[in-house]
Amino acid sequence: MFAIYKKELKQYFHSMIGFVFLAFFIAIIGIYTWANNFYGKVGNFETTLSSSTFLFVLLIPILTMRVLAEEKHQKTDQLLYTAPISIGRVIIGKYLALITLFGSGVLFVGLYPLLLRHYGPDSVQLAPAYSALIGFFLLGAAYIAIGTFISSLTESQPIAAVVSFLVLLMSVLVSSIAGALPSDKLSQAAILSVVWIIVAAVAYYMMHNITVAVILAVLGEAAIWIIYAVKSSLYEGIVADILNCAALSSKFDDFTLGVLKYDVIVYYVSVAFLFVFLTIQSIRKKRYN
C-alpha cells in the first residue's frame, strides 16, 4: 500500500496536476482572505473558509478524475487486478495520496490565521479559525472519496470530472431543492418511490445482476407503499430530512462556531469510508467479471 501511495503522490507532481491544484487552491483562498479579512477588515477567518467551500465543486473533480479513470483508459487497470496486494490496499493507497496532496494545501492555508494574528491579538480568534480548518479538511476528504468512486465507474476523465462536478454541486444545492419540493404525504411517498427505482438501477449497474436489482426494487417499493398505507404520518417532511443528510457542506457551519462536534466528524468520516468502500467493491466487481 505504501508503494502505491508513493507512486501516486509522485505522479501528481510529475504531471503538474499537484502543482496546479495547490496553486489554484492556495491562491483562491488567499484572494478570499484578502477580500474578507484584510480589505473587509473582518477578523473571522472561519467566514472566509465558509465562503471558500465552493472550491471543492470546481477543484475536486479535476483532482480525482484521473485517479482510476486513467487506469482504465490506458488499460493499466489490469495491473490492479493482478497485483500481489489486495484491491483494498491499492485503492486506499491512491486515496491517501489524494488526501496528502489536499492536506498539504490545507496546512499552508493554516498559516493565514497566524498572519492575520500578526496585525493584533484580537484581529482573529484562533479557536474557531482552526476548528473551521479541521472541518474544511474533513469536508474535502469526503468529497475526494466521492470523486474517487465516480472515477472508478468510467474510463473517460472528462465524464468523471463532469459527473463529479454535478454530484458535488447537487450536494451544495440539495437543501434548497428540499425546500422547493411538495410537502404533502403522497408526494413525499411518490418521490421516495422514484428515488428507490434509481437506487435499484445503480445497484444493477454496479452488480450487473438483474435478479438482485429487481428483487431490491420490488421489496423497496412494497415497503414504501405499505408503510404509507399503514402510517402515512411518517412521510411528513421525510424527503427533506433525507436530502438534508446529503447536504455535506451544510454540516460545515457547525465547525465555524469553534466547537468540534463529534457527530459531524463521524458523519464526514463515515461518508469518506462509505465511498472508499464502494470504490473497492466497484473495482473488485470488474476484477472478477
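The values are calculated or read from the model by the stated rules, or taken from the named source; none is laboratory data. Small disclaimer: the values here were computed from a predicted structure and weren't measured. Heads up, the Cβs are rebuilt from the backbone with ideal geometry, glycines too, and the neighbour counts pull from every protein chain shown.
For the reader, a short list of remarks on this structure follows.
- Number of positions in segment 133-154 that are in a helix (DSSP H, G or I) and among the hydroxyl-bearing types (Ser, Thr, Tyr): 3
- Enumeration of residues in segment 154-185 that are free of Cβ contacts under 8 Å to residues at least 12 places away in the same chain, of a type outside the set (Asp, Glu) and farther than 15 Å from Val57 by Cβ: Ala180, Pro182
- In segment 152-165, the residues that are under 14 Å from the mean Cα position of the chain (by Cα) and of a type outside the set (A, V, I, L, M, F, W, C): Ser164
- Residue among Lys261, Lys251 that alone is without any contact (Cβ under 8 Å) to a residue 12 or more places away in the chain and of a type outside the set (Phe, Trp, Tyr): Lys261
- A single member of Tyr119, Tyr130 is in the same structural domain as Ile265 (by TED's automatic domain parsing), assigned to a loop (DSSP other than H, G, I, E, B) and in contact with a helix residue (DSSP H, G or I) (Cβ under 9 Å, 6 or more places away or on another chain), and it is Tyr119.
- In the condition set (1) at pLDDT below 80; (2) small (Gly, Ala, Ser); (3) touching a helix residue (DSSP H, G or I) at 6+ places or on another chain (Cβ under 9 Å), Ser15 is compliant with all but (3).
- Residues in segment 97-136 that are among the aromatic types (Phe, Trp, Tyr) and surrounded by fewer than 20 Cβ atoms within 10 Å (Cβ to Cβ) were compared, and the one that is nearest to Leu59 (Cα to Cα) is Phe108.
- Residue in segment 136-151 that is farther than 26 Å from Ile265 by Cβ and under 22 Å from the mean Cα position of the chain (by Cα) present: no
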